[in-house]
Structure formats: structure tokens, C-alpha cells
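Undergrad: Before anything else, here's the structure in question.
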Amino acid sequence: MKFSIKNPDRLARIIILTTIWFMVGWETLLLLFPLKPFWRDEWCIIHNLKFKTAERLWGPLDFTQQFPRVYLVLLKHFTAALDCSYFSMRFPSWLAGMAAILLCWQLMPRILPGLKKIYHYVFVLIYLSFPVFMDYFVQIKHYEVELLLCLVALWQLHSFINLFTTHKIRTSFYILLCMSMAVCPFFSYTYPIAVTPIYLLVLLLSVRTFRGDETAKWRIITLASLPLILNLCSTFIFYLIDVKQLMADSNMHNFWKFRSVNDGNGIWSVPVHMWLFFFNVGPGPVVGSFFGIIGLSAWGWNMYYLTRRHQSWDDRTTWIRLYATLLPLLAILLFAAGKLPLGEPKFNGFAVPAIALLIMYFLSDMITGKGSRYFRWMPVFMFLALSANIFAGFFNNFTSAEYLKRIRIYQNTENAIKTARDKKMPLFITPAIGYPDDITVHIDFISMPTARGIVQTFPAYRLSDTICVEDINTTMDGAKLAPKYSGAGKALVGDGLNYTEYPIDIKKLPN
């Protein structure tokens with residue numbers, strides 16, 4: 001019996017909407033309930049937020065951190081207004097993730113016009129299953145905003161192409177375009193990279209308008225120039241107040257030099273890092289290897305496609321292909337110049353939508369051409385594999401032994417802080433609270449929060465607290481601190497997992 005599906009597009013729509021609603025529901029649970037413990041990088045950022053004034057956040061950050069300063073200051077005011085609660089520290093990234101899902105869904109028919117629905121859905125799934133997008137959805141980091149703004153750059157590109165092809169744009173959309181071009185640079189270190197190819201495309205589109213009416217061409221060129229001028233000015237200011245500090249951070253460069261061009265990792269490493277650039281778009285080694293092969297193939301094919309003589313530059317998809325082809329090239333040039341770590345997912349996420357576009361156009365061309373025999377089932381395979389990966393990724397992350405231990409540490413420490421406050425006891429804490437990151441091991445040029453510093457990042461710890469928190473390596477170290485807190489009577493001693501009240505008496509503290 002021959003199996004057939006009467007309406008495959010409808011089935012695919014049901015599957016992708018189920019996948020998206022699952023992601024939305026799960027991440028909303030993580031926002032509303034304390035189910036996701038904070039980790040090393042979050043401890044560092046939270047410590048800066050809690051203990052630095054808004055003015056001091058414009059300078060060097062503690063623990064070798066870098067964070068877009070405008071976003072960080074706004075985050076400071078927002079979390080402080082909500083007493084640094086769990087919700088306040090999870091909400092900004094959650095909001096950025098939700099906005100990204102909505103924008104990605106709205107963009108798919110506009111940047112993949114003429115392609116079948118399955119390509120639209122796979123484009124969305126490539127973006128949603130990108131490991132950084134999934135891992136940082138509710139984390140108090142800036143990567144979710146970085147990923148959102150790379151989609152905003154695509155929307156801006158589409159707006160410019162529309163302006164040059166239709167010679168008109170709604171006033172409200174034009175104002176939004178100008179505002180977004182002026183504001184976005186202050187919230188992302190990688191958005192300026194994502195938007196750079198648009199400058200070249202607008203220049204080429206402007207040259208083509210000279211074939212048209214004299215009055216109309218200058219009107220369109222003027223309308224296109226203003227948002228770019230605003231963007232250029234904002235980027236320059238952003239560089240002076242923010243990026244300049246990042247580029248001068250020698251510790252940051254030392255930490256990421258294995259992903260960058262340096263004395264021991266020369267220009268000959270470009271092919272390896274190019275492979276990683278495409279490989280890391282996919283989740284896991286198997287899917288990642290697939291993306292490495294098909295991503296590089298798609299990039300090469302689209303470069304060839306754009307050089308063909310019969311290629312029509314009146315087709316807006318050609319300009320979208322050109323943007324998607326130029327962005328990886330720009331990333332590789334920045335890597336060769338020592339300005340961008342290539343192959344590190346957190347820093348290369350700005351290129352994920354562009355790589356997804358390259359792959360979708362490549363598969364569409366192959367299926368409609370001589371390669372249909374080999375590629376016809378690939379979009380379906382990718383659709384099902386990426387959907388399944390999203391479900392599996394969430395279940396694996398939140399059922400692992402590591403997660404179960406981390407959530408116990410989080411819950412027990414929250415309770416310990418409240419107990420120490422209520423009973424007015426000092427809290428003696430060992431480095432084991434830093435699981436799974438061994439905070440007793442330090443890189444020479446990078447400092448990390450101590451056990452005491454980690455406790456202070458917990459939502460239960462208030463800035464107004466009079467709780468005394470002390471670092472100890474063993475409970476015997478607590479005995480040495482006993483005379484200092486003799487008036488307290490008892491101390492709460494723990495390692496994150498277990499907390500016990502002991503009388504402050506050397507003889508009664510355990511070995």
C-alpha cells in the first residue's frame with residue numbers, strides 16, 4: 001500500500017507550531033518559577049549589577065566581563081526596581097527570545113519569497129534550534145538580544161530592498177526603520193557586523209536607481225541615506241563609550257585566543273575555523289557535521305549563482321542572497337584581521353539567519369535542478385530532525401544528573417540564606433557551591449567570584465541584608481572564624497547541597 005499525505009504543508013504547520021508553543025511554554029515556566037539555577041557567567045554579571053552603581057557600570061566590569069553598557073544600565077534599573085528577584089533577572093532575555101520567535105515567523109515569507117512552505121519552516125527551526133538561542137533563552141546575558149538584532153538587521157535589509165523596488169514606504173515603517181537603525185547599535189556587539197553588508201547593498205541599489213526618473217531617484221536615495229547616517233553615528237558613539245573598552249581588554253583577548261588569529265594560531269587556521277563557523281549552527285556533533293558540509297556547499301553555490309550572466313538583479317531575492325553571501329565573508333575577514341573569534345557560537349550567532357538563508361536557497365535550487373534526485377527529501381529531513389532536537393534538548397537538559405544537583409544547590413542555598421537571616425546567624429560556605437564550575441581553579445589573568453560572592457548573587461540575598469557570609473574550604477576553617485562570631489551562638493555551615501547549624505564552639509565543629 002502506498003503511503004501518502006494529502007496536505008503536507010498543513011501537517012508541517014501543525015508540527016512547527018507545536019514545537020514553537022512547546023518552547024514558549026517551557027521557557028515561560030522557567031521565567032515564572034525558579035527552575036533554572038544561575039551559573040558562572042550569570043554570577044559574574046549579577047554581582048556587577050548588584051554591587052556597582054549605574055555610573056560605575058560604564059567603566060571596567062568585575063570578573064573580566066563585557067556587556068553592552070546601555071543594555072546593562074537599563075538592566076540594572078529594572079532588576080533593582082524588582083529587588084533583584086529571580087523573575088527580574090530572567091525576564092529581559094525571555095522577552096528578547098519571544099520577540100525573536102515572532103519576528104522570525106513574520107520574516108520567513110518576506111525573505112524567502114517564492115519558496116515552498118517547508119523552506120520557511122526549516123529556516124525558523126534552524127534559528128530556534130541554534131544552541132545559543134536555546135541555552136540562553138532566560139539567562140541574564142546579552143546573547144538573546146544579539147540574536148534578536150541579527151533578525152532586525154534582516155528586517156532592515158528587507159525594508160531597504162522594498163524601498164528601492166517599489167519606490168515607496170509607509171511613514172510609520174520609515175520612522176521605525178530610522179529609530180531601529182539609530183538604537184540597535186547600543187544593544188549588541190555583533191549587530192554592527194550584521195548590518196555592515198547593508199551599506200554595500202544600498203550603495204549598489206542606489207547606483208541602479210540612476211536609470212530611473214531624475215526626481216524619483218534622488219528622493220529614494222535620500223530616504224535610504226538617512227537611516228544609514230543615523231546608524232553610522234550611533235555605531236561611532238557606541239564604539240567610543242563601549243566597544244573601545246572591549247577591544248582594549250587584554251584578558252578577554254587572551255581567553256579567546258584559541259578562536260582567534262594569533263602567534264600560535266595563524267592565518268593557515270582559517271579553513272578550520274570556517275568549518276567551525278558553519279558546523280556550530282547545528283546542535284550536536286552529528287547535526288553540526290551536516291551543517292558544516294551543507295553550509296559550506298550552500299555558501300559556495302550562492303557565490304556561483306550570483307556571478308551567472310543570466311542572473312536577474314531586478315529580483316529582490318538576489319539581493320537577499322547577496323547579503324547572506326557577504327556576511328560570512330565579512331566574518332572571515334574580521335577573523336583574519338584578529339578582530340573576531342571565528343567558530344565560537346556565542347560570537348557568531350549574528351550569521352545564523354544568513355547561513356539558514358544560504359542553505360534554503362541552495363536546497364531549492366538543487367531540487368529544481370539536476371540535483372533533485374539527491375536533495376528532494378533533505379528539507380523534510382531537516383524539518384523533522386530540528387523539531388525533534390528542540391524537544392530532546394529541553395528534556396535532556398532538565399533531566400540530567402548535573403541539572404538535578406544544581407537545582408538542589410540553588411534551592412537549598414536560597415533556604416539557607418533565609419534561615420541565616422531569620423535566625424541572625426553567619427553563613428559559612430565552601431567552594432562546592434560553585435558546582436559544576438570548580439571556582440578553586442583560577443586562570444591567572446581572570447578572577448572569579450568566591451563562594452561568598454556566589455551566595456550574594458542569589459535572589460534571596462538582599463543588598464540590605466546584614467547576613468555575614470564567609471568563605472571556608474572545610475568546616476574546620478569555620479572553627480577558626482568562631483571567635484569573630486561568638487555573639488551569634490550558632491553558624492550555618494554548608495557546601496550548597498547540605499547546610500547544618502553548629503554551635504560556634506571549636507570543640508563542637510566537625511572535622
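Undergrad: When the residues of region 443-463 are filtered to those that are part of a loop (DSSP other than H, G, I, E, B) and among the polar types (S, T, N, Q), which remaining residue is modelled with the highest pLDDT?
TA: Filtering first and then ranking leaves Thr450.
Results for (1) closer than 25 Å to Thr19 by Cβ; (2) modelled with pLDDT under 90, shown as yes or no for each residue.
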position	(1), (2)
Trp299	no, no
Asp315	no, yes
Thr318	no, no
Ala324	yes, no
Ile332	no, no
Phe375	yes, yes
Asn389	yes, no
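Undergrad: Say we look at region 67-99 and pick out the residues that are more than 21 Å from Val152 (Cβ to Cβ) and not hydrophobic (A, V, I, L, M, F, W, C); which of these is modelled with the lowest pLDDT?
TA: Looking at the filtered set, the residue picked out is Asp83.
Undergrad: A further question on this structure: Return only the number of the condition from (1) under 24 Å from Lys52 (Cα atoms); (2) surrounded by fewer than 19 Cβ atoms within 10 Å (Cβ to Cβ); (3) at pLDDT 85 or above that Leu427 does not satisfy.
TA: Single failed check for Leu427: (2).
Undergrad: If I ask for residues that are surrounded by 15 or more Cβ atoms within 10 Å (Cβ to Cβ) and not in a helix (DSSP H, G or I), which ones from region 242-255 would you list?
TA: Asp249, the sole residue that qualifies.
Undergrad: Only residues that are aliphatic (A, V, I, L, M), exposed (fewer than 14 other Cβ atoms within 10 Å of the Cβ) and more than 30 Å from Phe67 (Cα to Cα): list them for region 215-241, please.
TA: Ala216
Undergrad: Shifting gears a bit: If you take the residues in region 169-200 that are more than 24 Å from the chain's Cα centre (by Cα) and not in a helix (DSSP H, G or I), which one is surrounded by the fewest Cβ atoms within 10 Å (Cβ to Cβ)?
TA: It comes out as Arg170.
Undergrad: Condition check: assigned to a helix (DSSP H, G or I), aliphatic (A, V, I, L, M) and touching a Gly at 6+ places or on another chain (Cβ under 9 Å). Does Ile417 satisfy that?
TA: no
Undergrad: If Leu74 satisfies all but one of (1) crowded, with 21+ Cβ neighbours inside 10 Å; (2) among the hydrophobic types (A, V, I, L, M, F, W, C); (3) within 30 Å of Ala248 (Cβ to Cβ), what's the number of the condition it fails?
TA: Status for Leu74: all satisfied but (1).
Undergrad: Filter region 54-75 down to the residues that are among the hydroxyl-bearing types (Ser, Thr, Tyr) and touching a His at 6+ places or on another chain (Cβ under 8 Å) and list them by number. Quick ask: steps written out before the conclusion?
TA: Of region 54-75, the ones among the hydroxyl-bearing types (Ser, Thr, Tyr) are 64, 71.
Residue satisfying the conditions is Tyr71 alone.
Undergrad: Just the residues that are outside any helix (DSSP H, G or I) and either basic (Lys, Arg) or out of contact with any helix residue (DSSP H, G or I) (no Cβ under 6 Å at 6 or more places or on another chain) (or both), please, taken from region 293-347.
TA: Arg308, Arg309, His310, Gln311, Ser312, Trp313, Asp314, Asp315, Ala337, Gly338, Lys339
Undergrad: How do the pairs read when you match residues in region 376-399 that are under 21 Å from Phe137 (Cα atoms) with residues anywhere that are of a type in the set (Gly, Ala, Ser) and assigned to a helix (DSSP H, G or I), using Cβ under 6 Å and keeping only pairs 6 or more apart or on different chains?
TA: That search, which allows pairs on different chains as well, returns Leu386/Ser129; Asn389/Ser129; Ile390/Ser129.
Undergrad: Among (1) surrounded by 18 or more Cβ atoms within 10 Å (Cβ to Cβ); (2) aliphatic (A, V, I, L, M); (3) over 24 Å from Leu128 (Cβ atoms), where does Ala54 come up short?
TA: Looking at each condition in turn, Ala54 falls short on (1).
Undergrad: Pick from Thr440, Thr466, Thr474: which is surrounded by fewer than 17 Cβ atoms within 10 Å (Cβ to Cβ), modelled with pLDDT under 90, touching a helix residue (DSSP H, G or I) at 6+ places or on another chain (Cβ under 7 Å) and not assigned by TED's automatic domain parsing to the domain that holds Ser88?
TA: Matching residue, one of Thr440, Thr466, Thr474: Thr440.
Undergrad: Pick from Thr166, Thr209: which is over 22 Å from Pro328 (Cβ atoms) and in contact with a Lys or Arg (Cβ under 7 Å, 6 or more places away or on another chain)?
TA: Thr209
Undergrad: Still on this model: Can you tell me how many residues in region 10-58 are at pLDDT 95 or above, of a type in the set (Phe, Trp, Tyr) and in a helix (DSSP H, G or I)?
TA: Looking only at that region, the number is 3.
Undergrad: Okay, moving on. Of the numbered conditions (1) under 20 Å from Tyr410 (Cβ atoms); (2) surrounded by 17 or more Cβ atoms within 10 Å (Cβ to Cβ); (3) touching a residue at least 24 places away in the same chain (Cβ under 8 Å), Ser85 satisfies every one except a single condition; which is it?
TA: Going through the list (1) under 20 Å from Tyr410 (Cβ atoms); (2) surrounded by 17 or more Cβ atoms within 10 Å (Cβ to Cβ); (3) touching a residue at least 24 places away in the same chain (Cβ under 8 Å), Ser85 breaks only (2).
The values are calculated or read from the model by the stated rules, or taken from the named source; none is laboratory data. Bear in mind the structure is a predicted one, so any value in this text is a computation, not a measurement. Glycine gets a Cβ as well: all are built from the backbone with ideal geometry, and neighbour counts include every protein chain shown.
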